[in-house]
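The values are calculated or read from the model by the stated rules, or taken from the named source; none is laboratory data. Owing to the predicted nature of the structure, the values given are computational and were not obtained by experimental measurement. Cβ sites come from the backbone with ideal geometry, for glycine too, and all protein chains shown count toward neighbours. Just so you know, the surface numbers come from the protein's heavy atoms only, side chains and all, with ligands and any DNA or RNA stripped out. Shrake-Rupley method; radii C 1.70, N 1.55, O 1.52, S 1.80 Å.
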Amino acid sequence: MSDRRIATTLIDEFGSLPLLLAAQPARQLRAAGDPQVVALLQAVKQTVRHVTRADLDERPVLPTSRALRDYLMAHLADEPNEHVRVLYLNGYDRLIVDELHSSGTPTSTPFCVRTIAARALEVGAMNVIVAHNHPSGLRQSSDADIAYTVALEHALDALGITLIDHLIVTRGGLASVRAASRAMAA
């Protein structure tokens, strides 16, 4: 089978390149039928993640920046289960460390305010951005999302650390839980 035919078959099967790259290797293998194609797809996926991370390392991380959107989309948008990532930033909004905080099921994931606050102190963060994905594709904040955001904002604020935002990531883009929580409070 030609390279073009393999590419067309895979895109037809998965719907898009991001969905193809996000698929589990076993599913890629069933569709491609060739372990070398799967190895190449996994290498491309890691390259995309590396390139988007490099963009974050070069400038301040702002919740509205294209670099942050691209990075979070590459890491979270097509995951089949919910994951929480935390970006710990210095006082100039430069990335200190980015970590996977937790992984869960297709509809929920644990989110520990205490652990995030303790880690922020440990790494010397002055600002924090939290992001998690909704595999359902819904960008609407749940009551739990809002409650966790409010609790985290209060905990961090007591420590002199700012929660810049808590973002929901889907294939369709990002949504701010913090903005939703403030709108509900108003």
> Leaving out ligands, DNA and RNA, what percent of the accessible area of segment 2-112 is carbon and sulfur, probe 1.4 Å?
Replying inline: 56
> Per-residue accessible area for Asp143 at 1.4 Å probe radius, Å² rounded to 10?
Replying inline: 120
> What whole-number value in Å² describes the accessible area per residue of the chain for a 1.4 Å probe?
Replying inline: 53
>> If you restrict to DSSP beta bridges whose two residues both lie in the chain, what percentage is antiparallel, to the nearest 5?
In response: 70
>> If DNA, RNA and ligands are ignored and the probe is 1.4 Å, what is the ranking of Leu21, Leu159, Leu68 by accessible area, most exposed first?
In response: Leu159, Leu21, Leu68
> Which value, in Å to one decimal place, does the Kirkwood hydrodynamic radius take for segment 78-175 when every pair of different Cα atoms is included?
Replying inline: 13.4
>> Taking every alpha carbon pair in the chain, what does the distance histogram look like in 10 angstrom bins from 0, in percent?
In response: 9, 34, 33, 16, 7, 1, 0
> What distance in nm separates the simple spin-label points at Gln36 and Asp3, each placed 7 Å from Cα in the Cβ direction?
Replying inline: 1.2
> Tell me, what is the 1.4 Å probe accessible area of Asp93, in Å² to the nearest 10?
Replying inline: 40
> When DSSP beta bridges are limited to those with both residues in segment 102-186, what percentage is antiparallel, rounded to the nearest 5?
Replying inline: 35
> If you average the sequence gap of Cα pairs under 8 Å that are 6 or more apart and divide by the length of segment 88-186, what percent do you get for the contact order?
Replying inline: 27
> Equivalent-ellipsoid semi-axes (√(5λ), Cα gyration tensor) for segment 39-124, whole Å, largest first?
Replying inline: 22, 20, 11
> Spin-label point model (7 Å from Cα, Cβ direction): what's the Tyr92 to Glu122 distance in nm?
Replying inline: 2.6
>> Give me the three principal axis extents of segment 2-77 from the C-alpha atoms, as integers in angstrom, largest value leading.
In response: 43, 21, 20
>> Keeping all protein chains in place and using 1.4 angstrom, which order do Thr115, Thr109, Thr170 fall into by accessible surface area, from largest down?
In response: Thr115, Thr109, Thr170
> With every protein chain left in place, what is the accessible area of Ser108 in Å² (1.4 Å probe, nearest 10)?
Replying inline: 60
> Using Cα atoms only, what is the angle between the long axis of helix 3-14 and the major principal axis of the chain, expressed in degrees (0 to 90) to the nearest 10?
Replying inline: 50
> Out of Val113, Pro25, Tyr88, whose Cα points farthest toward the positive end of the dipole of the chain (charges: +1 Lys, Arg; -1 Asp, Glu; placed on Cβ)?
Replying inline: Pro25
>> At a threshold of 8 angstrom on Cα-Cα distance, excluding pairs fewer than six apart, so keeping six or more, what relative contact order does the chain reach in percent?
In response: 17
> In degrees, nearest 10, range 0 to 90: what is the angle between the Cα axis of helix 113-123 and the longest Cα principal axis of the chain?
Replying inline: 90
